[in-house]
Amino acid sequence: IKQKNIRNFSIIAHIDHGKSTLSDRLIQLSGIISDRDFKDQILDSMDIERERGITIKSQTVSLPYTGNDGEEYLLNLIDTPGHVDFSYEVSRALASCEGAFLLVDASQGVEAQTLANIYLAMEHDLAIVPVINKIDLPSAEIEWVKDQIDEDLGLDSETALLVSAKTGVGVANVFEAAVAKIPPPQGDENAPLKALIFDSHYDPYRGIIVHVRVFEGSLAPGEKIAFLSSDSIYKVEEVGIFQIKRRPVDRIRAGQVGYMIAGIKLISDVKCGDTLTHSGNRCKAAMKGFRDPNPVVFSSMYPVASDEYPELTEALEKLKLNDASLVYEKDSSAALGFGYRCGFLGLLHLEVVQERLEREYDLSLILTSPSVRYEITRTDGTIQIIDNPSLYPDPAEIEKTREPFIKASIIVPDRYMGAVMQVSMEHRGVSTNYQYLTSNRIEMKFTLPLAEVVYEFYDRLKSVTQGYGSFDYEVAGYQETDLVKLDFLVNGERVDALSQLVHRDKAVDRAKNACKKLRDEIPRQMFKIAIQGAIGGKIISRETVSAYRKDVTAKCYGGDISRKRKLLEKQKKGKKRMKMVGSVEIPQSAFLSVLKSG
Ligand code: GDP
Ligand code: MG
């Protein structure tokens with residue numbers, strides 16, 4: 001395929017505006033997959049994406065297309081996630097593109113992530129083609145959206161494509177617009193190889209599959225390659241393009257997006273953002289790479305079974321290949337043994353990482369209460385940054401503490417304005433201003449402590465706005481705060497993994513809540529168990545689990561032996577998800593419930 005007949009583009013949009021649906025239609029129209037093998041949201045291949053109905057990973061698919069001019073084109077579509085927590089994923093994907101289709105829902109109009117994404121696209125100098133989707137909806141307001149495209153986005157709404165990804169109307173025009181409006185890639189095919197690693201994943205049979213965008217030169221099996229950052233050298237076994245499945249090709253060339261397999265088992269050799277070149281004929285300079293991810297939420301992870309620590313280590317390494325935004329380092333806890341302190345781009349990211357580790361690597365994990373990063377000035381004048389309650393200094397040595405704040409922008413139909421105000425105030429938010437975007441949609445701005453958002457703000461917002469609230473934020477510096485460390489004692493023993501740093505005004509509520517949850521989750525045992533919340537030495541809440549061991553077989557009234565055996569098996573399995581803390585068995589679910597208790 002000739003370079004001038006290649007197009008690399010992404011579809012960017014606010015969540016739910018129809019990216020995945022549009023990608024589905026384009027894939028179907030291109031004919032790379034038979035109707036029998038097709039399923040909806042085909043690029044959302046992870047279980048967790050399908051269940052939640054959101055895109056988490058970007059995916060590439062190469063679509064063949066015969067243009068109106070009779071030429072054969074290869075259109076590389078890179079699907080990207082819409083949620084803020086995954087914008088790192090988006091920015092990496094965009095580095096491989098020359099253009100982007102900006103999708104706007106005809107009934108919702110431009111929203112927070114539409115704007116955030118268009119800025120990302122502009123940073124990468126992409127050609128941006130507006131697309132108005134869902135024109136089949138009775139509530140579609142095409143003229144209104146066109147005005148927004150002109151005014152809010154500064155694009156020419158005359159060029160906007162009108163489509164319904166659902167019914168298929170107008171979708172074929174997207175192909176022709178890709179050919180006409182998105183520039184072909186540039187880069188000399190005969191120069192030394194220069195390819196950007198923008199993603200990778202682990203395949204148990206083939207080793208690491210490296211996803212690359214070739215910027216200069218070309219790459220074929222049998223050639224010797226070097227990773228610039230580690231200087232490790234490998235012989236290429238296979239190169240190819242993504243067409244839902246991997247499709248091997250003879251050679252990938254400047255301008256193309258594809259994959260490379262070289263029997264790589266050593267995970268540390270492959271780094272997202274690194275440059276790939278030929279070992280014998282190196283390119284002059286490395287590609288620009290990616291900025292480091294900037295985690296805002298931290299939590300420690302421990303295997304429920306302590307002997308699974310090596311498995312957790314390996315799983316994190318492999319997951320990191322596929323999720324460059326994950327950062328982690330070793331950690332340990334008196335109650336839970338060895339684990340990792342992990343940094344996440346947000347709470348959804350945290351949940352996704354935990355779920356992927358449990359599903360893809362069959363681990364069962366305990367996570368500690370998520371924390372933001374606090375800045376502590378000690379009485380001796382030194383400044384300490386901490387995100388881990390276990391490192392919290394003696395309060396007598398603390399001069400002052402500051403916590404991160406965010407600037408939040410919330411867009412809602414104006415009937416929810418009062419409810420949003422209320423929720424925001426309950427979370428220490430301060431309203432800074434608001435503005436009407438249309439006659440009934442309003443954008444409200446707040447400053448809020450990030451810690452509040454981490455706990456439950458977002459869930460509350462969704463519930464009071466019945467899902468109509470769109471929420472976006474940026475981190476906006478530190479402000480002084482009144483922090484305390486809240487500890488929990490089970491049977492008199494402090495469980496360090498349950499400790500949390502909270503604002504003083506929230507401590508009693510949080511402690512009461514957490515004690516109740518623990519009481520409900522910790523099964524009765526042979527002895528009475530006291531559950532206490534404490535600040536320093538002072539107990540501020542207390543619950544008791546009364547004594548009694550459940551005999552699950554008692555329910556069966558003799559009789560059915562096989563049923564009894566099944567129940568015993570089940571109980572044994574359940575045990576595995578228990579952690580011994582002192583003399584008390586605490587189930588994984590108890591840790592999780594405290595984490596979610598807010
Ligand atoms: P994404 O989050 O941007 O990937 O959005 P999805 O593709 O998952 O679509 C979100 C919802 O909008 C789904 O329920 C789709 O069925 C629906 N949807 C997508 N495109 C259209 C369209 O053109 N018309 C209508 N009526 N619904 C659509
Ligand atoms: Mg999607």
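What the table below lists for this structure:
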| item | result |
| --- | --- |
| Yes/no for VAL502 being over 15 Å from MET580 (Cα atoms), open to solvent by 30 Å² or more (accessible area, probe 1.4 Å) and β-branched (Val, Ile, Thr) | no |
| Selected residue (only one of ALA93, ALA100 is under 17 Å from the mean Cα position of the chain (by Cα), aliphatic (A, V, I, L, M) and within 16 Å of ligand 1 (Cβ to nearest atom)) | ALA93 |
| When residues of segment 257-279 are limited to those that are at pLDDT 90 or above and of a type in the set (S, T, N, Q), the one surrounded by the fewest Cβ atoms within 10 Å (Cβ to Cβ) | SER279 |
| Qualifying position, being open to solvent by less than 50 Å² (accessible area, probe 1.4 Å), closer than 30 Å to ASN281 by Cβ and in contact with a helix residue (DSSP H, G or I) (Cβ under 9 Å, 6 or more places away or on another chain), among ALA195, ALA254, ALA220 | ALA254 |
| Pairs where the first residue, in segment 1-17, is more than 17 Å from ALA93 (Cα to Cα) and the second is within 16 Å of ligand 2 (Cβ to nearest atom) and open to solvent by less than 10 Å² (accessible area, probe 1.4 Å), C-beta under 7 Å, 6+ apart | HIS17/LEU103; HIS17/VAL104; HIS17/ASP105; HIS17/ASN133 |
| Test for GLY109: is it of a type outside the set (A, V, I, L, M, F, W, C), touching a helix residue (DSSP H, G or I) at 6+ places or on another chain (Cβ under 6 Å) and farther than 24 Å from LEU75 by Cβ | yes |
| Search result, residues across segment 18-37 that are within 15 Å of ligand 1 (Cβ to nearest atom) and either outside any helix (DSSP H, G or I) or in contact (Cβ under 8 Å) with a residue 40 or more places away in the chain (or both) | GLY18, LYS19, SER20, THR21, LEU22, SER23, ASP24, ARG25, LEU26, ILE27, LEU29 |
| Test: residue in segment 368-379 that is among the hydroxyl-bearing types (Ser, Thr, Tyr), in contact with a strand residue (DSSP E or B) (Cβ under 6 Å, 6 or more places away or on another chain), in a strand (DSSP E or B) and more than 13 Å from TYR478 (Cα to Cα) | yes |
| Residues (farther than 9 Å from VAL545 by Cβ, open to solvent by less than 60 Å² (accessible area, probe 1.4 Å) and either among the small types (Gly, Ala, Ser) or under 28 Å from the mean Cα position of the chain (by Cα) (or both)) located in segment 507-533 | ALA507, ARG510, ALA511, ALA514, GLY533 |
| Which listed residue is more than 14 Å from ligand 1 (Cβ to nearest atom), over 21 Å from GLY258 (Cβ atoms) and open to solvent by less than 10 Å² (accessible area, probe 1.4 Å), from ILE48, ILE6 | ILE48 |
| Residue count for segment 79-105, restricted to those that are within 13 Å of ligand 2 (Cβ to nearest atom), open to solvent by less than 10 Å² (accessible area, probe 1.4 Å) and either part of a strand (DSSP E or B) or among the charged types (D, E, K, R) (or both) | 3 |
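The values are calculated or read from the model by the stated rules, or taken from the named source; none is laboratory data. None of these values were measured; they are calculated from a predicted model. Ideal geometry is used to build each Cβ from the backbone, glycine not excepted, and the neighbour counts take in all protein chains shown. Keep in mind that these areas ignore ligands, DNA and RNA; they rest on the heavy atoms of the full protein, side chains included. Shrake-Rupley method; radii C 1.70, N 1.55, O 1.52, S 1.80 Å.
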